[in-house]
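Before any comments, here is the structure.
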Amino acid sequence: MVSERTLPSFSPLAGRRWPEGSDEGQRERVRSLHRPSSPCRDLLPASGEKEELQHRAWAAAAAVPDPEVPCVTVADLGILRSVELVDGVAVAKVTPTYSGCPAVLAIELAVEAALRDAGFEARVERVISPAWTTDWITPEGRDKLRDYGIAPPEKTSSSIRSLFGEIEVACPRCGSSDTERVSEFGSTACKAHWRCLACREPFDYFKCI
Amino acid sequence: MGAAVAIDRETLVTLLVRLADDHLVLGHRLSEWCGHAPMLEEDLAMPNMALDLIGQARALYAYAAEIEGRGRSEDDFAYLRREREYLNCLLVERPNGDFAQTMLRQLYVAAYMEPFWKAAASSSDATLAGIAAKAVKEVAYHIRHAGEWVVRLGDGTEESRRRMEAAIEELAPYIDELFEDDAVTAAAAEAGIAPQPSSLRPAFDRIVGPIFAEAGLTFVTPPYSQRGGRKGMHGEAMGFLLADLQHIQRTYPGATW
Ligand SMILES: [Zn+2]
């Protein structure tokens with residue numbers, strides 16, 4: 001059905017597009033665009049205009065801050081999966097961080113509002129598969145978290161075998177790795193509570209899942 | 001899991017509701033600790049785990065409602081059924097008891113769910129697979145957290161050990177029910193949707209065994225096993241739990257905020 005056909009989707013990081021999952025190691029920041037398959041190409045507006053619209057829609061949605069960790073945007077966290085123009089409607093795909101993340105609804109509403117403010121008719125879809133992982137946080141996002149005082153996720157944790165399993169988490173303030181975990185569960189579902197033994201400051205650690 | 005054999009709608013809904021009820025009821029039990037935990041960190045940890053569980057329950061109820069196709073919502077499932085319509089296992093509805101008992105129950109359920117979600121992550125049902133892929137990581141944290149407490153208390157003071165041993169005895173009759181197969185689970189396994197509960201026992205033992213060993217604790221074989229939750233037959237505790245869980249919706253039908 002022609003009207004159901006989706007127009008090209010746009011996502012800011014090559015290889016980070018749903019559904020392939022994470023792309024550890026790939027750090028290149030390439031603006032990429034799916035090319036529509038030939039039968040549907042005729043239905044599109046001129047490609048320059050199209051591209052421009054896609055970019056604008058993505059930029060509007062991508063700028064939305066996370067309500068619980070406002071130093072990073074939904075794009076930095078990798079929870080904004082894509083924004084596509086479908087029959088003139090900007091369709092944003094958002095994935096929750098945790099099953100019970102209470103911010104999911106707030107994020108969806110904020111993304112929808114941002115798209116409307118940018119002049120789009122908008123719809124937000126929740127995708128749960130594949131599951132979000134902290135590997136999808138962009139390098140910029142990790143830097144922003146650290147600057148904000150939240151230690152970004154370390155790659156090696158979350159093994160259930162490592163009972164009392166120690167991971168090394170560097171203090172986001174002084175950089176010391178002389179730190180200890182106070183609690184596995186912190187102020188929000190996505191964070192654990194740690195403290196630095198060098199500078200004595202407590203800090204949040206963004207858990208690796 | 002096996003090739004795609006069709007499963008009828010009612011069976012799939014039953015399977016999903018059982019799972020969802022396990023998570024809702026345990027999430028509710030954990031939330032009862034909010035404001036009462038022995039230390040601030042635990043006061044954060046238990047509602048955090050409850051949030052994971054209730055989030056998983058919501059996704060499962062919403063999916064069950066969609067498949068059922070009778071216009072019920074996730075809230076209708078959570079708040080507006082009668083006791084006999086809840087299909088959770090008896091373990092999750094057991095009263096919290098003391099902190100030792102709550103943590104042991106948490107370990108048992110997490111050690112049961114971890115292999116379940118792992119298998120369900122490659123389910124032939126894409127929605128369940130998606131829920132599972134997320135849940136399997138969350139449940140790993142629950143195992144670590146509860147496991148650490150079981151070790152700490154089991155291998156702690158005389159008093160903490162006494163309490164952990166009492167918890168083992170108290171909860172022992174409710175473990176076998178977790179691993180019971182029946183026509184619903186058989187149909188789901190046949191269709192490649194979810195594993196047979198009995199197949200999860202070795203993985204459960206592999207998780208709990210080393211934790212008990214480290215804590216110097218031993219399993220006790222219960223004199224009898226309690227069953228019936230999957231058919232809607234619950235213990236006395238369940239009615240009180242539901243009264244607490246449902247009273248807003250029962251008093252003010254359709255209340256929202
Ligand atoms: Zn420091």
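Quick notes on this structure:
- Taking other residues whose beta carbon is less than 12 angstrom from the beta carbon of residue B:116, and scoring Lys, Arg as +1 and Asp, Glu as -1, yields +1.
- The Kirkwood radius of the range A:85-209, taken over pairs of alpha-carbon atoms, gives through the Stokes-Einstein law at 37 °C and 0.692 mPa s a diffusion coefficient of 200 µm² s⁻¹.
- FRET efficiency for residue A:117 and residue A:198, using Cβ-Cβ distance with R0 set to 60 Å, rounded to 0.05: 0.85
- Folded to 0 to 90 degrees: helix B:9-31 orientation relative to chain B principal axis, Cα: 30
- Heavy-atom accessible surface of the range A:46-138: percent carbon and sulfur, 1.4 Å: 54
- Residue-normalised convex hull volume from the C-alpha trace of the range B:9-251: 115 Å³ per residue.
- Over 22 Å apart at the Cα level, from the set A:93/B:118; A:191/B:134; B:137/B:231, are A:93/B:118; B:137/B:231.
- Relative to its Kirkwood radius, the Cα radius of gyration of the protein assembly as shown gives an Rg/Rh of 0.99.
- Angle in degrees between helix B:99-120 and the longest Cα principal axis of chain B, rounded to the nearest 10: 40
- Per the accessible-area calculation with a 1.4 Å probe, the total area buried between chain B and chain A rounds to 2700 Å².
- Spin-label model, residue A:154/residue B:248: points 7 Å from Cα along the beta carbon direction are separated by 3.9 nm.
- The angle separating the long axis of helix B:40-68 from the principal Cα axis of greatest extent in chain B is about 20 degrees.
- In the protein assembly as shown, a dipole from Cβ-located charges (positive for Lys and Arg, negative for Asp and Glu) runs towards its positive end, and of B:216, B:147, B:16 it is B:16 whose Cα lies farthest in that direction.
- Delta accessible area of at least 10 Å² on complex formation, residues of the range B:133-161, 1.4 Å probe, chain isolated as reference: B:133, B:134, B:137, B:138, B:140, B:141, B:143, B:144, B:145, B:148, B:151, B:152
- Segments B:76-89, B:203-216 sorted - mean Cβ within 10 Å per residue, highest first: B:76-89, B:203-216
- Cβ-Cβ FRET estimate between residue B:80 and residue A:52, R0 fixed at 56 Å, reported to 0.05: 0.70
- Per residue solvent-accessible surface (Å²) - the protein assembly as shown, probe of 1.4 Å: 44
- Each other residue within a Cβ distance under 10 Å of residue B:249 adds +1 if Lys or Arg and -1 if Asp or Glu, for a net charge of -1.
- Buried on assembly, the range A:97-117 (at least 50 Å² less accessible surface than by itself, 1.4 Å probe): A:99, A:100
- Spin-label pair residue A:71-residue B:126: with each label point 7 Å from Cα along the Cα-Cβ axis, the two points sit 3.8 nm from one another.
The values are calculated or read from the model by the stated rules, or taken from the named source; none is laboratory data. If you're wondering where the values come from, they're calculated on a predicted model, not measured in any experiment. So basically every Cβ, Gly included, is an ideal-geometry build from the backbone, and we count neighbours across all protein chains shown. Surface areas here come from the heavy atoms of the whole protein model, side chains and all, with no ligands, DNA or RNA. Shrake-Rupley method; radii C 1.70, N 1.55, O 1.52, S 1.80 Å.
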